[in-house]
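Trainee: So that we are looking at the same thing, I have put the structure below in structure tokens.
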Amino acid sequence: MAISYTFNDDNDLVIVDSDYPNDLHIVYRKDRTDEQLKDWGKLFIQQHFALQNHINNTSSMRDDVYMNGELGRSDYTVGLPEGEEIVSKLNDKWRTIANIIDFKGNPLNIVSEYEPLREPYVNSSISFYCFDPMPQYFRDKFNVSNDPQYVREWWGLKFDKVTKEILCKMVYNWSGFQKFRRDDFIVPDFPFWIWDKHTGRAVSNASDTANAYVAMIYDENGNIDDHYDIYFQAPQGLVKEWCDENDIPFGVLDDINNIMQYGITVNGTTGEIKYVKTYKRFFI
Amino acid sequence: MTLVSGSSFPIGLNDPTNSASIANPTTTSGTDYLDETITIGNRSAVCYVRLRENDPEPGIGPFYRSYDMVNGTQYGYSISTGTSAKVPMCDTNPVISFGTSSTTSGYTQDFGYDYWESVASDDWTVLETTHSNAGGWNFGSGNGSLGSITNGTTSGVTYQDASGTTRTVNMIAWQKNTASGTGAANDTANRGNYLALGMAAGTNVDNTFYQITVNGVTFLRSNAISYDGYENGGGVWWHWEPTDAQIDSMGTSGTVNVKLSSASTTTVKNNGIAEEFGGEVASSSTGGNVHLSHYYRNAPEGYVSSNASTNIPADGSNVEIRFSDFWGTSFVAGATVHASHTFYPDFQSFTIYSSTTQNSGWRTASFAMAASPTKMSTFNPTGTFLGFTTSSVEILDFYTNETTSGTHDNFWTDLRMTMDITTSQTSSSYVANNNVSQIAVWSNTTGTGTEDFSAEWSDTNGVTFSQYSGKVRAFIHWLTADVTAGSGKSKTWTENFGTNTTATSNTQHTFKIYKSGGI
């Protein structure tokens, strides 16, 4: 898989992504230099991917998460048999929590069981994402805000099946990340094409907005873990290209169908990009 | 064609050419690349040939001598000559007297030499041959410059030719040949006369110049006797053979105008409004039943399209129409429309994980909206459309868009359109702007009056063609800067399509896609 960038007889940019051989993109010159035109071309195919990629939430779906090209875990909506089984385990082992929140209270909620493939997880765990507003109990417990100006419409809990400890995964828009992140966090350079057309600014640490959202992990004392995740949409070839240019390991998937988005796990204290995750969504 | 302009030409409603024996006026024009004045200089000038007489007597010789092929007075303009100068005539002051010296100098490819030597050699005896590398020019005044030209420098005078190339003229000179006797190039009446044009560089094509005119005497480049480069390199010359009378007309003193020009073109202009825009063009005997009021711009009679000059008042504008409104105007074909579609636009806002998208308009292909009616136009473009041979193009989406993780304000950021083109061809058959010119939108059901916005097809930011099952799906994208708001309108959500999430609560709109022309 690779993306080719060539100039036609009119000196316009022609882009062909080998993952989508039936698609031909042409971006017009408009007095841009070759380099500017190529940047616009990358933004053009990123936007095309995002606008045509229909990934609504439904009550009957499975999300597969790949790390370096290998399937790491699968999340199921709570109404599916796999989801029901995991919810039963939560209700059985974390009764206190089950008294505070109904894991099946929203049919969009998703759950999974997974092995620790990345920091800060160390044991087999259960993941629960909720699409209802966060109850006060958890806001106090993890010392997080649910201001809709900053947080997204879903949030997560991570249940360690060995220690029984619970971590909270808060999902922020870019402004929320900038507001609540640790002061010592380093934000790596983004690829050019994840920027906000609205402001026309390239993304940087100081940006208020970006076509990305971010999740940070909190322990029960309200401490934010070193590792956070940045999520965005793009065609696989563009992600691969950026990873290659920056020596970031990336596992290519041969089957590109159902790719929804990508997630980057960052060590915030060093700015190092630890993993690039591929998310696929299947409607069942 | 175009109508005449200016009050000096009569203009009629019908056709004065027919009704009053007033011929359509013609104008002849060309472009003068160079238009300067020469202050004529003069100097004696000889083009000579050097001969070798082989063994006139046993033990004596060979002998060398020279003959004048052309002599007389040279007039006009030249920068300084000499072996280092890049001019057509390189005077090297060679040994030219009779004697036994075999010293050679001069240039056998100097201006005119080859042309005249072939004539002069007819006079040679069997013992004489043209001595190699021994010929050329000698000026009585030495190697200085000749005359002057306005805007000239020591290297010449420059002009820009038809291809945009800067040319440098270093000599425009003429001479009437007065040589006689042995070796003289005078076998015909004008032989030896010349007009010389020298340039530092230049190709022998009309783009360099089509014609040269000296004091009203014109010579076509294509009629030059010869065109060549200098033997000492670095330049080119053209050589014409004027008559004695032409030489006399070019002048021998004072100042003369000189031009290097393009070809002249003759333009015929109409002098009747109906003649230009259509309508009844009657004979002088029948007259014509045409009315000036029929010639308002975009009037229902259809003679003057909406694309014609805005000097012509628009139909319904309540502006009095005058004959002078039509001076210099031309018939312009009216726009042709592929499809016109009236619909209720919808508005939607949705979040897809990393960003929030707002759309207003019409979406059916993906993230469908509840716009009404549910199906937009399908049209037959006849022939090819964007390079694809097709008889069916279906418009699936036409909407304003903004995707951001920030806050949406009043303005949308891009305009998008999706079409399914039924074709057996692949995406690579795409031809930009083929058989489509513009899109435009009105917030009414008639598609008339001031448009909300329009966009030229040639201004699209980018296109994507996706091939599937006998169709090519075309995604067309304009940035907001590529779109032009109608007069007094702005590119906002509220003014363009509206923001009500119930489609029928928004104003009904008309969308047109133009095959040619536009609003």
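The values are calculated or read from the model by the stated rules, or taken from the named source; none is laboratory data. Computed from a predicted model, the values in this text were never measured in an experiment. Neighbour counts run over all protein chains shown; Cβ positions are idealised from the backbone, glycine included.
Trainee: Scanning segment B:19-75 for residues that are at pLDDT 75 or above and among the acidic types (Asp, Glu), which turns out farthest from the chain's Cα centre (by Cα)?
Mentor: If we take residues in segment B:19-75 being at pLDDT 75 or above and among the acidic types (Asp, Glu), then B:ASP68 is farthest from the chain's Cα centre (by Cα).
Trainee: Now a separate question. Is it the case that segment B:466-479 has a residue that's surrounded by fewer than 21 Cβ atoms within 10 Å (Cβ to Cβ) and within 21 Å of B:THR357 (Cα to Cα)?
Mentor: yes
Trainee: For a quick check of your reading: which strands (runs of 3 or more DSSP E) sit entirely within segment B:420-468 and have at least 3 residues that are modelled with pLDDT under 95, within 14 Å of chain A (Cβ to nearest Cβ) and farther than 16 Å from B:HIS341 by Cβ?
Mentor: Values: elements: B:438-442, B:453-456, B:462-468.
Per the criteria, B:462-468.
Trainee: Output yes when any residue across segment A:114-125 is buried (at least 17 other Cβ atoms within 10 Å of the Cβ) and either within 14 Å of chain B (Cβ to nearest Cβ) or touching a Leu at 6+ places or on another chain (Cβ under 7 Å) (or both), and no when none is. Even if it seems obvious, please write down each step before you answer.
Mentor: Of the residues in segment A:114-125, the ones buried (at least 17 other Cβ atoms within 10 Å of the Cβ) are A:114, A:121, A:125.
The next check asks that each one be either within 14 Å of chain B (Cβ to nearest Cβ) or touching a Leu at 6+ places or on another chain (Cβ under 7 Å) (or both); those that pass are none.
Taking every residue of segment A:114-125 in turn, none turns out to be buried (at least 17 other Cβ atoms within 10 Å of the Cβ) and either within 14 Å of chain B (Cβ to nearest Cβ) or touching a Leu at 6+ places or on another chain (Cβ under 7 Å) (or both).
Trainee: Looking at segment A:2-18, I want the residues that are in contact (Cβ under 8 Å) with a residue 40 or more places away in the chain and on the phi < 0 side of the Ramachandran plot and have a partner that is β-branched (Val, Ile, Thr) and part of a strand (DSSP E or B) with Cβ atoms under 6 Å, at least 6 apart or on another chain. Which pairs are those?
Mentor: From residues that are in contact (Cβ under 8 Å) with a residue 40 or more places away in the chain and on the phi < 0 side of the Ramachandran plot, the pairs are A:ASP17/A:ILE3.
Trainee: When you scan segment A:249-261, do you find a residue that is among the aliphatic types (A, V, I, L, M), surrounded by 21 or more Cβ atoms within 10 Å (Cβ to Cβ) and at pLDDT 90 or above, even just one? Reasoning before the result, please.
Mentor: The first filter runs over segment A:249-261 and keeps only residues among the aliphatic types (A, V, I, L, M), leaving A:252-253, A:256, A:259-260.
Still in the running and surrounded by 21 or more Cβ atoms within 10 Å (Cβ to Cβ): A:259.
Of the ones still in play, those that are also at pLDDT 90 or above are A:259.
Yes - at least one qualifying residue is present in segment A:249-261.
Trainee: For segment B:454-486, what are the residues that are closer than 18 Å to B:SER428 by Cα and of a type in the set (A, V, I, L, M)?
Mentor: B:VAL463, B:VAL472, B:ALA474, B:ILE476
Trainee: Something else now. Across segment B:484-507, which residue is farthest from A:GLY41 (Cα to Cα) among those that are more than 14 Å from chain A (Cβ to nearest Cβ) and hydrophobic (A, V, I, L, M, F, W, C)? Can you show your working first?
Mentor: Our first condition is that a residue be more than 14 Å from chain A (Cβ to nearest Cβ); within segment B:484-507, this holds for B:484-492, B:494-507.
So of that shortlist, the ones also hydrophobic (A, V, I, L, M, F, W, C) come out as B:485, B:497, B:503.
Working: B:ALA485: 26, B:PHE497: 29, B:ALA503: 34 Å.
Step by step, filter segment B:484-507, then rank; the result is B:ALA503.
Trainee: Now, a different point. Determine which single condition A:PRO133 fails, assuming it passes every other condition in (1) over 19 Å from the mean Cα position of the chain (by Cα); (2) within 14 Å of chain B (Cβ to nearest Cβ).
Mentor: Unmet condition: (2).
Trainee: Going through A:ILE45, A:ILE101, A:ILE97 one at a time, which residue ends up being surrounded by fewer than 21 Cβ atoms within 10 Å (Cβ to Cβ), in contact (Cβ under 8 Å) with a residue 60 or more places away in the chain and either within 14 Å of another protein chain (Cβ to nearest Cβ) or in contact with a strand residue (DSSP E or B) (Cβ under 9 Å, 6 or more places away or on another chain) (or both)? Before you say what the answer is, go through the steps one by one.
Mentor: Details: A:ILE45 fails: surrounded by fewer than 21 Cβ atoms within 10 Å (Cβ to Cβ); A:ILE101 fails: in contact (Cβ under 8 Å) with a residue 60 or more places away in the chain.
One residue alone meets the criteria, A:ILE97.
Trainee: Is there a residue being among the β-branched types (Val, Ile, Thr) and either under 16 Å from B:PHE111 (Cα atoms) or out of contact with any Asp or Glu (no Cβ under 7 Å at 6 or more places or on another chain) (or both) anywhere in segment B:179-187?
Mentor: Going through segment B:179-187, the residues among the β-branched types (Val, Ile, Thr) turn out to be B:182.
Filter once more, keeping what is either under 16 Å from B:PHE111 (Cα atoms) or out of contact with any Asp or Glu (no Cβ under 7 Å at 6 or more places or on another chain) (or both): none.
Looking through segment B:179-187, none of the residues is among the β-branched types (Val, Ile, Thr) and either under 16 Å from B:PHE111 (Cα atoms) or out of contact with any Asp or Glu (no Cβ under 7 Å at 6 or more places or on another chain) (or both).
Trainee: Spot the failing condition for A:GLY83; the list is (1) out of contact with any Gly (no Cβ under 7 Å at 6 or more places or on another chain); (2) crowded, with 16+ Cβ neighbours inside 10 Å; (3) under 21 Å from A:TYR262 (Cα atoms), and only one is missed.
Mentor: It fails just one condition, (3).
Trainee: Can I ask one more? Among the residues of segment B:469-483 satisfying the criterion of being under 31 Å from the mean Cα position of the chain (by Cα) and farther than 18 Å from B:LEU396 by Cβ, which is farthest from the other protein chains (Cβ to nearest Cβ)?
Mentor: First pass over segment B:469-483, keeping only residues under 31 Å from the mean Cα position of the chain (by Cα): B:478, B:481-483.
Then drop every residue that is not farther than 18 Å from B:LEU396 by Cβ, which leaves B:481-483.
Working: B:ALA481: 9, B:ASP482: 8, B:VAL483: 14 Å.
Within segment B:469-483, the match that is farthest from the other protein chains (Cβ to nearest Cβ) is B:VAL483.
Trainee: Continuing with the same structure: Could you tell me which of the residues B:PHE497, B:PHE475, B:PHE511, B:PHE465 is in contact with a Leu (Cβ under 7 Å, 6 or more places away or on another chain) and either in the same structural domain as B:THR422 (by TED's automatic domain parsing) or of a type in the set (Asp, Glu) (or both)?
Mentor: Numbers: B:PHE497 fails: in contact with a Leu (Cβ under 7 Å, 6 or more places away or on another chain); B:PHE475 fails: in contact with a Leu (Cβ under 7 Å, 6 or more places away or on another chain); B:PHE511 fails: in contact with a Leu (Cβ under 7 Å, 6 or more places away or on another chain).
Step by step, each of B:PHE497, B:PHE475, B:PHE511, B:PHE465 is checked, and only B:PHE465 is in contact with a Leu (Cβ under 7 Å, 6 or more places away or on another chain) and either in the same structural domain as B:THR422 (by TED's automatic domain parsing) or of a type in the set (Asp, Glu) (or both).
Trainee: If you don't mind, there's one more thing I want to ask. Evaluate the following for B:GLY156: is it surrounded by fewer than 21 Cβ atoms within 10 Å (Cβ to Cβ) and either assigned by TED's automatic domain parsing to the domain that holds B:GLY72 or within 12 Å of B:ASN42 (Cβ to Cβ) (or both)? Please lay out each step first, then the result.
Mentor: Working: surrounded by fewer than 21 Cβ atoms within 10 Å (Cβ to Cβ): no; either assigned by TED's automatic domain parsing to the domain that holds B:GLY72 or within 12 Å of B:ASN42 (Cβ to Cβ) (or both): yes.
The answer is no for B:GLY156.
Trainee: Those residues that are surrounded by 17 or more Cβ atoms within 10 Å (Cβ to Cβ) and farther than 30 Å from A:ASP23 by Cα, I need them from segment B:500-512; list them, please.
Mentor: Applying the first criterion (surrounded by 17 or more Cβ atoms within 10 Å (Cβ to Cβ)) to segment B:500-512 yields B:503, B:506, B:509-512.
Hits for segment B:500-512 are B:ALA503, B:ASN506, B:HIS509, B:THR510.
Trainee: Hey, another quick one. Which pairs do you get when a residue that is within 10 Å of B:TYR296 (Cα to Cα), found in segment B:312-325, comes within reach of a residue that is surrounded by 12 or more Cβ atoms within 10 Å (Cβ to Cβ) and among the acidic types (Asp, Glu), reach meaning Cβ atoms under 7 angstrom, with the pair 6+ apart or on two chains?
Mentor: From residues that are within 10 Å of B:TYR296 (Cα to Cα), the pairs are B:ILE312/B:ASP325; B:PRO313/B:ASP325.
Results for (1) under 22 Å from A:PHE185 (Cα atoms); (2) hydrophobic (A, V, I, L, M, F, W, C); (3) within 14 Å of chain B (Cβ to nearest Cβ); (4) touching a strand residue (DSSP E or B) at 6+ places or on another chain (Cβ under 6 Å), shown as yes or no for each residue.
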{"residue": "A:ALA215", "(1), (2), (3), (4)": "yes, yes, yes, yes"}
{"residue": "A:ILE224", "(1), (2), (3), (4)": "yes, yes, no, yes"}
{"residue": "A:TYR228", "(1), (2), (3), (4)": "yes, no, no, yes"}
{"residue": "A:ILE248", "(1), (2), (3), (4)": "yes, yes, no, yes"}
{"residue": "A:ASP254", "(1), (2), (3), (4)": "no, no, no, no"}
{"residue": "A:GLN261", "(1), (2), (3), (4)": "no, no, yes, yes"}
{"residue": "A:ILE264", "(1), (2), (3), (4)": "yes, yes, yes, yes"}
{"residue": "A:TYR275", "(1), (2), (3), (4)": "yes, no, no, yes"}
{"residue": "A:TYR279", "(1), (2), (3), (4)": "no, no, yes, yes"}
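Trainee: Among the residues of segment A:159-184, which ones are within 14 Å of chain B (Cβ to nearest Cβ) and polar (S, T, N, Q)?
Mentor: If the condition is that a residue be within 14 Å of chain B (Cβ to nearest Cβ) and polar (S, T, N, Q), then A:ASN173, A:SER175, A:GLN178 are the ones that fit.
Trainee: For segment B:337-360, check the following and say yes or no: at least one residue is of a type outside the set (Lys, Arg), under 35 Å from the mean Cα position of the chain (by Cα), part of a loop (DSSP other than H, G, I, E, B) and more than 14 Å from chain A (Cβ to nearest Cβ).
Mentor: no
Trainee: What is the one condition in (1) within 14 Å of chain B (Cβ to nearest Cβ); (2) β-branched (Val, Ile, Thr); (3) in contact with a Ser or Thr (Cβ under 8 Å, 6 or more places away or on another chain) that A:THR77 does not satisfy?
Mentor: Only one criterion is unmet by A:THR77, namely (1).
Trainee: Would you confirm whether any residue within segment B:205-216 is outside any strand (DSSP E or B), surrounded by fewer than 19 Cβ atoms within 10 Å (Cβ to Cβ) and hydroxyl-bearing (Ser, Thr, Tyr)?
Mentor: Among the residues of segment B:205-216, not one is outside any strand (DSSP E or B), surrounded by fewer than 19 Cβ atoms within 10 Å (Cβ to Cβ) and hydroxyl-bearing (Ser, Thr, Tyr), which makes the answer no.
Trainee: Before we move on, is A:VAL65 more than 9 Å from chain B (Cβ to nearest Cβ), under 23 Å from A:ILE248 (Cα atoms) and crowded, with 17+ Cβ neighbours inside 10 Å?
Mentor: On the way: more than 9 Å from chain B (Cβ to nearest Cβ): yes; under 23 Å from A:ILE248 (Cα atoms): yes; crowded, with 17+ Cβ neighbours inside 10 Å: yes.
Yes.
Trainee: Then there's this: A:GLN52 - would you say it is at negative phi, surrounded by fewer than 19 Cβ atoms within 10 Å (Cβ to Cβ) and within 14 Å of chain B (Cβ to nearest Cβ)? Write out each step before concluding.
Mentor: Working: at negative phi: yes; surrounded by fewer than 19 Cβ atoms within 10 Å (Cβ to Cβ): yes; within 14 Å of chain B (Cβ to nearest Cβ): yes.
The answer is yes for A:GLN52.
Trainee: Kindly provide the set of residues from segment A:129-140 that are touching a residue at least 40 places away in the same chain (Cβ under 8 Å) and crowded, with 18+ Cβ neighbours inside 10 Å, ordered by number.
Mentor: First, the residues of segment A:129-140 that are touching a residue at least 40 places away in the same chain (Cβ under 8 Å): A:129, A:131.
Across segment A:129-140, the qualifying residue is only A:TYR129.
Trainee: Got a sec? Which strands (runs of 3 or more DSSP E) wholly within segment B:144-203 have at least 3 residues that are under 24 Å from the mean Cα position of the chain (by Cα)? Let's see the steps before the verdict.
Mentor: Details: elements: B:157-160, B:166-175, B:194-199.
Output list reads B:157-160, B:166-175.
Trainee: Still on this model: Considering only residues that are farther than 22 Å from B:TRP478 by Cβ, among the polar types (S, T, N, Q) and within 10 Å of chain B (Cβ to nearest Cβ), which ones fall in segment A:1-39?
Mentor: A:ASN22, the sole residue that qualifies.
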